[in-house]
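Here you go, one structure.
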Amino acid sequence: MTAVTLKGISKQFGRVSGVSGVNVEIGSGEFFTLLGPSGCGKTTTLRMIAGFYYPSEGRILFGEQDVTSLPPNKRNTGMVFQNYALFPHMTVFENIAFGLQTRKEPKVIIRDKVERALAQVHLETYGTRRIDQLSGGQQQRVALARALVIQPDLLLLDEPLSNLDAKLREETRYEIKRLQLELGVTTLYVTHDQAEAMSMSDRIMVMNGGTVQQIGTPQEIYNEPVNRFVSTFIGETNLWEGTVERIEGDDVYVRVSSAIVLLASATRKSPSCQLQVGAKLAATFRPESVQEVGTPQYDQAGAGSLVTGFIQVSEFTGISTQYLTFADSLPLRAMFVGVNHLLRERGDKVSFCIPKDSVYLLE
Ligand SMILES: Nc1ncnc2c1ncn2[C@@H]1O[C@H](COP(=O)(O)OP(=O)(O)OP(=O)(O)O)[C@@H](O)[C@H]1O
Ligand SMILES: [Mg+2]
């Protein structure tokens, strides 16, 4: 299994910048995800690592070896492409065997390896089917088997679940994670789905406009986003613009409207956020951190800001109830877990507490 280092990687397409200045070290056996909106440079980065694009700048290392000029077939990477790139006229077996045949492996070994790969993706009985006789989800699993069968040092997966329905997506998510842990193969995973990224990854690299925004564990990215883009792209967040009114020790008072001053902690802020009286910043907090005053869940001792909201929309999803409310004309999203939560209706007046420690300040 190989570690991967990207040193100042950029890719220019004529005058269009696909990716610029990516620096990262990916550990051996790590599940590392590239996450970001469409066009942010995920596929371009993956294709440079696989060797299909030559970077305009920078170096790529597998372990200690500089592979920047090594052709794709010398890198021992297994790749699942965004559009799978299977051969439609060939059978499932032939598709999976293709990489082994080009390596001139003996027939019996090929048969054995393909059968094992088919079992890994639960397609044991599909070997003789043609690709165009399979569903999108089955094709996606064939593409995965084809990537795994060569026993790659590095697995590169570009949106491998994009064509699956919600249920199969979740199942395949577990499958991929299980296989990855079992094989211990270093995996680079591309997705624009933040829930997928959060649930599968050891670390996530959030990208936007061809540049890296943040690299960190799912917890770091979620709880300590470095900027507004990361904060709003990952999960739901309330973001209120404000001005620092007062600082007393660890207590930071941020005025967010004529009636609301939000209490925040001086330690809960992004590195680029400067704390001084008069500074303009964004106060963010997650919907699930909001507490309803007067309910058993509400912790009196937890210091925070009390605000009154009027329910606009309430959504019951089964595991949670979500409210969109307005507090002094600021939109406030609140989420409560548990089926027993009191269902509120449009127009109801509710008192909320925004705990001090749940507020995160951004530049
Ligand atoms: N061959 C190419 N020629 C010119 N521009 C390209 C080429 N490939 C990608 N680009 C541009 O580079 C940028 C990054 O593209 P990339 O395919 O890496 O995005 P992505 O993050 O994979 O998006 P998606 O989620 O839609 O797949 C985009 O602006 C895209 O238009
Ligand atoms: Mg892409």
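Under 19 Å between alpha carbons, and skipping anything fewer than 8 positions from residue 74 in its own chain: which aspartates and glutamates qualify?
Reachable aspartates and glutamates: 64, 66, 105, 153.
For a Förster distance of 30 Å, can you work out the FRET efficiency between the beta-carbons of residue 308 and residue 223, rounded to the nearest 0.05? Don't skip to the answer; put the middle values down first.
Working: r = 27 Å, r/R0 = 0.90.
Efficiency, from the Cβ-Cβ distance: 0.65.
Could you work out how far helix 166-183 tilts from the main Cα principal axis of the chain, as a 0 to 90 degree angle to the nearest 10?
The angle comes out near 60 degrees.
Could you work out how much longer the chain between residue 7 and residue 165 gets when fully extended? Use 0.36 nm per residue separation minus the Cα distance between them, nm to one decimal.
Working: separation 158, 0.36 × 158 = 56.88 nm, distance 3.71 nm.
Full-extension gain reported as 53.2 nm.
To continue, here is another question. In Å, what is the Rg of the alpha-carbon atoms in region 237-362, and how long is Dmax?
14.6, 43
Just rank 153, 193, 250, 158, fewest to most, by other beta-carbon atoms within 10 angstrom.
On the way: 153 18, 193 15, 250 11, 158 23.
Neighbour counts put them in this order, fewest first: 250, 193, 153, 158.
Kindly identify region 4-232 as rounded, prolate or oblate by the Cα gyration tensor criterion: order the square roots of the eigenvalues as a ≥ b ≥ c, call it rounded if a/c is under 1.5, otherwise compare a/b with b/c, prolate if a/b is larger, else oblate.
Details: a/c = 1.88, a/b = 1.44, b/c = 1.31.
It comes out prolate by the Cα gyration axes.
Work out from phi, with θ = phi - 60° and the Karplus expression 6.51 cos²θ - 1.76 cosθ + 1.60, the ³J(HN,Hα) of each residue of region 220-225, listed in order in whole Hz, and give x for Gly and Pro.
5, 5, 6, 8, 10, x
In addition: Between 0 and 90 degrees, rounded to the nearest ten: what's the tilt of helix 107-120 against the longest Cα principal axis of the chain?
Value to nearest ten degrees: 20.
Determine, from the Cβ-Cβ distance of residue 258 and residue 181 and an R0 of 56 Å, the FRET efficiency 1/(1 + (r/R0)^6), rounded to the nearest 0.05.
0.60
Also: Looking at the chain as a GNM with Cα springs under 10 Å, which of 308, 43, 191 has the largest mean-square fluctuation?
Of 308, 43, 191, the most mobile in the Gaussian network model is 308.
Something else now. Pulled fully out, how much extra length does the chain show between residue 343 and residue 326, if you take 0.36 nm times their separation in residues and subtract their Cα-Cα distance?
4.4 nm
Angle, helix 92-102 long axis vs. longest principal axis of the chain, Cα atoms, 0 to 90°, nearest 10?
Result, in degrees: 70.
For region 56-66, in order, what is each residue's ³J(HN,Hα) by Karplus, 6.51 cos²θ - 1.76 cosθ + 1.60 with θ = phi - 60°, in whole Hz (x at glycine and Pro)?
My calculation for region 56-66 gives 5, 8, x, 10, 10, 10, 9, x, 8, 7, 7 Hz in order.
Can you compute 3J(HN,Hα) from phi for each residue in region 235-251, using the Karplus curve 6.51 cos²θ - 1.76 cosθ + 1.60 with θ = phi - 60°, rounded to whole Hz and x for Gly and Pro?
Going residue by residue, I get x, 8, 8, 8, 10, 10, 6, x, 10, 5, 9, 7, 10, 10, x, 7, 7 Hz, with x marking Gly and Pro.
Nearest 5 is fine: what % of DSSP beta bridges in the chain come out antiparallel, could you say?
Values: 62 of 81 bridges.
Antiparallel bridges make up about 75 percent of those DSSP assigns within the chain.
FYI, it's all coordinate maths here, none of it is from the lab. Only a predicted model underlies this, so the values are computations on that prediction, with no experimental measurement involved. Reconstructed Cβ throughout: ideal geometry from the backbone, glycine too, with neighbour counts over all protein chains shown.
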